[in-house]
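One structure is given below, encoded as structure tokens.
The values are calculated or read from the model by the stated rules, or taken from the named source; none is laboratory data. A quick note: this is a predicted structure, and the numbers were derived from the prediction, not measured. Cβ atoms come from the backbone with ideal geometry, glycine included; neighbour counts cover every protein chain shown.
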Amino acid sequence: MKLQILSFCVAFLVCVLLLKLLIPLLVKLKAGQTILQYVSEHNGKQGTPTMGGIAFILCFSAVTLIFCGFSDTTVNVTVAVTVAYGVVGFLDDYIKVRYKHNLGLRPYQKVLVQLAIAVAVALYVWRSPYIGDVLNVPFGNTVISLGWWIIPFVVFVYLAMTNGVNLTDGLDGLATVTTLCYLAGIFAVVYCDMQQSMQLGVADAVQRQSNVLVCIAVMCGALLAFLLFNCYPAKVFMGDVGSLALGAFTSCVAIFTNNTLFIPVLGVMYVVSCVSVIVQVVYFKLTGGKRVFLMAPYHHHLQHKGLSETRIVTVYAVVTLLTAMLLLYFGG
């Protein structure tokens, strides 16, 4: 555990330094966020620097490889996938900033690239002797095997999580805090798995799980540093470069430890964001313009109901932490 604590502290300090350098650069380059006109509460945020996710991606990649080296394939793939999705988000952000509007890559372009990455990772999972098609079941000590169905399942998870985190990134600190709480939960789950592996004397599994814990600790340290600049009122936004990378990373640490089924529990607020948008769109089309929510995703509905940004962020954090605690208590 000392290694994880040390990596967390190093990541925090490195990310603070990177943000101190990055934010003035983004301001100088006029890389400001273009605010959607129909989100009137956010008019004052026009021009706030975006693409701050570059800092925690660089920090995570460098610090993780320093502490884990290049010998663990799982770590290498986690870093590569996180960076790959970050690049997709960067291209989307760059187009928005360059042409001063809120439309970046076309939806089909983003989906195709994300799909290609997800398929590649799914094939890796299927062929990996350490991961395979086995899934741990929450709230019990059982496992299930999906066979080749693990491939479309993993693809779905990546697409759902990257878009879930992206949709949750709508208020100052919301995606950052929600992801920190999610990662705290998955850290506890993987730590329990590692303790079980130690009792069984499976040294290889212990080492792999320890490295995954380092990955999570590093990302938590980087995100905590980012939160100093991203909490209300935000001095920088993570942008799609950050939210897509986080969606990929949160998927990796669950999938690569066979805890994919824990995602909808620990990531319940991501699910809320996705479901609220789907319900809103479907209901709008079926009823000829009527709405279930004042605005989707759900955090914007709460904002229109009069809740402050800080209160909404607190609610999302508390719900995520409570679900994590319930999961661990009832046999996660």
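In the set Val75, Val87, only one residue is surrounded by fewer than 17 Cβ atoms within 10 Å (Cβ to Cβ), within 25 Å of Cys215 (Cα to Cα), among the hydrophobic types (A, V, I, L, M, F, W, C) and within 18 Å of the chain's Cα centre (by Cα); that residue is Val87. Among the residues of the stretch 280-292, is any hydroxyl-bearing (Ser, Thr, Tyr), more than 17 Å from Ala188 (Cβ to Cβ) and either surrounded by fewer than 19 Cβ atoms within 10 Å (Cβ to Cβ) or touching an Asp or Glu at 6+ places or on another chain (Cβ under 9 Å) (or both)? Yes, the stretch 280-292 contains a residue that is hydroxyl-bearing (Ser, Thr, Tyr), more than 17 Å from Ala188 (Cβ to Cβ) and either surrounded by fewer than 19 Cβ atoms within 10 Å (Cβ to Cβ) or touching an Asp or Glu at 6+ places or on another chain (Cβ under 9 Å) (or both). Against the criterion of being in a helix (DSSP H, G or I), in contact with a Phe, Trp or Tyr (Cβ under 8 Å, 6 or more places away or on another chain) and closer than 25 Å to Ala31 by Cα, Ala254 does not qualify.
Restricting the first member to the stretch 189-202 and to residues that are among the charged types (D, E, K, R), and the second to residues that are assigned to a helix (DSSP H, G or I), the beta-carbon pairs closer than 6 Å and six or more apart or on different chains are Asp193/Gln209. Filtered by the rule that a residue be assigned to a helix (DSSP H, G or I), farther than 17 Å from Ile150 by Cα and of a type outside the set (Val, Ile, Thr), the stretch 257-274 gives Leu266, Met269, Tyr270, Ser273, Cys274. Taken over the stretch 126-138, the criterion of being surrounded by 15 or more Cβ atoms within 10 Å (Cβ to Cβ), over 22 Å from the mean Cα position of the chain (by Cα) and not in a loop (DSSP other than H, G, I, E, B) is satisfied by Trp126 alone. All told, Ala118 falls short of being under 30 Å from Arg208 (Cα atoms) and touching a Pro at 6+ places or on another chain (Cβ under 9 Å). With respect to Tyr182, is the statement that it is closer than 30 Å to Glu309 by Cβ and modelled with pLDDT under 95 true? Judged against the criteria, Tyr182 is not a match. Would you pick out the residues in the stretch 49-102 that are touching an Asp or Glu at 6+ places or on another chain (Cβ under 9 Å) and either more than 21 Å from Leu180 (Cα to Cα) or of a type in the set (Asp, Glu) (or both)? Of everything in the stretch 49-102, those that are touching an Asp or Glu at 6+ places or on another chain (Cβ under 9 Å) and either more than 21 Å from Leu180 (Cα to Cα) or of a type in the set (Asp, Glu) (or both) turn out to be Val88, Phe90, Leu91, Asp92, Asp93, Lys96. Has the stretch 294-304 got any residue that is under 20 Å from the mean Cα position of the chain (by Cα), outside any helix (DSSP H, G or I), of a type outside the set (Gly, Ala, Ser) and modelled with pLDDT of 95 or more? So far as the stretch 294-304 goes, yes, one or more of its residues are under 20 Å from the mean Cα position of the chain (by Cα), outside any helix (DSSP H, G or I), of a type outside the set (Gly, Ala, Ser) and modelled with pLDDT of 95 or more. Residue-level check: of (1) modelled with pLDDT of 95 or more; (2) more than 25 Å from Val113 (Cβ to Cβ), Gly164 misses just (2). Looking across Gly239, Gly185, Gly221, one residue alone is among the small types (Gly, Ala, Ser), surrounded by 18 or more Cβ atoms within 10 Å (Cβ to Cβ) and within 16 Å of Asn136 (Cα to Cα). It is Gly185.
When each of Leu112, Leu91, Leu105, Leu123 is tested for being of a type in the set (A, V, I, L, M), part of a loop (DSSP other than H, G, I, E, B) and out of contact with any Ser or Thr (no Cβ under 6 Å at 6 or more places or on another chain), the lone residue that passes is Leu105.
Considering the stretch 139-182, and only residues there that are among the aromatic types (Phe, Trp, Tyr) and closer than 16 Å to Thr82 by Cβ, the residue that is surrounded by the most Cβ atoms within 10 Å (Cβ to Cβ) turns out to be Tyr182. Annotation: Leu159 fulfils all but one of (1) in a helix (DSSP H, G or I); (2) in contact (Cβ under 8 Å) with a residue 60 or more places away in the chain; the unmet one is (2). The residues of the stretch 69-127 that are of a type in the set (Phe, Trp, Tyr) and touching a helix residue (DSSP H, G or I) at 6+ places or on another chain (Cβ under 8 Å), listed by number, are Phe70, Tyr85, Phe90, Tyr124, Trp126. Taking residues in the stretch 284-307 that are free of Cβ contacts under 8 Å to residues at least 40 places away in the same chain and on the phi < 0 side of the Ramachandran plot, and partners anywhere that are among the aliphatic types (A, V, I, L, M) and in a helix (DSSP H, G or I), the pairs with Cβ atoms closer than 6 Å and at least 6 places apart or on different chains are Val292/Val279; Ala296/Val277; Tyr298/Val272; Leu302/Ile312. The number of residues in the stretch 205-251 being farther than 26 Å from Met1 by Cα and either part of a helix (DSSP H, G or I) or among the hydrophobic types (A, V, I, L, M, F, W, C) (or both) comes to 13.
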